[in-house]
1. 7 Å from Cα along Cα→Cβ at both residue B:105 and residue B:268: what's the point-to-point distance in nm?
2. What's the angle, to the nearest 10 degrees (0 to 90), between helix B:310-323's Cα axis and the longest principal axis of chain B?
3. How compact is the protein assembly as shown by the rule of thumb for globular proteins, expressed as Cα Rg over 2.2 N^0.38 Å?
4. Ratio of chain B's C-alpha Rg to 2.2 N^0.38 Å, to two decimals?
5. Simple spin-label model, 7 Å along Cα-to-Cβ: residue A:11 to residue B:125 in nm?
6. Is the C-alpha gyration tensor of the range B:202-283 telling us rounded, prolate or oblate? Criteria: a/c under 1.5 is rounded; beyond that, a/b larger than b/c is prolate, otherwise oblate.
7. Separation between the residue B:6 and residue A:65 pseudo-spin-labels, each 7 Å from Cα along Cα→Cβ, expressed in nm?
8. Provide B:23, B:148, B:274 in ascending order of the number of other Cβ atoms located within 10 Å of each residue's Cβ, fewest first.
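Just so you know, all these numbers are worked out from the coordinates, no wet-lab data involved. Everything numeric in this text was worked out from a predicted model, so none of it was measured. Here the Cβ positions follow ideal geometry from the backbone for every residue, glycine too, while neighbour counts run over all protein chains shown.
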């Protein structure tokens, strides 16, 4: 059971209030029609699926109903930080 | 390999069962192999077995970081069926089911395959339309199945609650009589024993830490016990597939997530079939030991921790208690999680990669156990010939770029 801190509500809330949004910081291509099949498939389906530090989106479904990002360790499930969409994480695999 | 038989049992009884041959050797790794299989679970061991048996390649090592069959092979709910919707998937799973039917004889090892039938319940009109469509598709593919009424379900599993007043009433089900269960450990052990007898080296407690390449081709693997050379490397590492792929600079479209299961205390025989329900996220059968074996849904988030969230198990238990009110008093004994590598289309990847001599068999998600024999069979063929087996061709990794996905999500009773 995860206890997730919503950076919008500023509260630690139960995992069941949230829905998972997958890997964060994936930029949608500005000109999809200009991409090759490989690039488009890569954007749609291929993920880092990292073992360790993972940046991911969460949606506060039964709270403020806003998206935010979390940095989580996918082995220990510890949430190291949560931050608002549009900002960058302070903890990354490189600086841990 | 000494054959197991009634005679050998009798003979060994005379020496108090103290002189049985070891089931497999514990060899020191050689410097070089034709094929290295990374991952000693059911699929990896089956791959090694069929490489040796069908393709005559016996200079093989299976490298396992823990012990044989200690990952998802040991953690699943042992359900076997082949009633998938799409032609490609149903044919692959039915090949597997046909291999299951002769597996104990083939391996001279009792895998306790029990064709007790599988029910996939429908709880609303759309469920029933999907079930009818799927059963018709199955029959066109030569796979057994029928749509059954709530009354027939009650005959098959008398403890089930078919009241129209329940929260998710049972309106019918698909019934695949050839489906059933098998003993999970025995499958891994049987394949391990068979592969070992054919000369395959089973190397346990050795973790692959890198995949060495030269000029775009595989030359071997780095392990915790040093470098081992190989012309071909076949990776069958389930939840850790992305980690192993990254060692060779390959990206996979899989995400690793926790999937949980639990068993009750042993009780008297009360459920002699398998009951699954997608809508309420629960599946249940009873093991030969008497435990009720219950599978839950997959957690929504990525994780490698081999445990999941409590509310997922709680929802499953709620569903099971609604389906089987009598089980509300049964005490649960153990709960655990495994890491499943889920694909966007809920179908596996059995494929060559951009690296010459590197092959991946992964992405089985929540339903890999049933496919163990077929998966090993077609993957061995793919590795041996450096060309996809006809039944594996559609499961090439290219499909995520061409768009030729095989969308089994929800379509085929895939619990998710």
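1. Distance between the two pseudo-spin positions: 3.6 nm.
2. With both axes taken from Cα atoms, the answer is about 50 degrees.
3. My calculation over the Cα atoms of the protein assembly as shown gives 0.99.
4. 0.98
5. According to this spin-label approximation, the distance is 4.0 nm.
6. prolate
7. Each label point lies 7 Å from its Cα, and together they span 7.1 nm.
8. B:23, B:148, B:274
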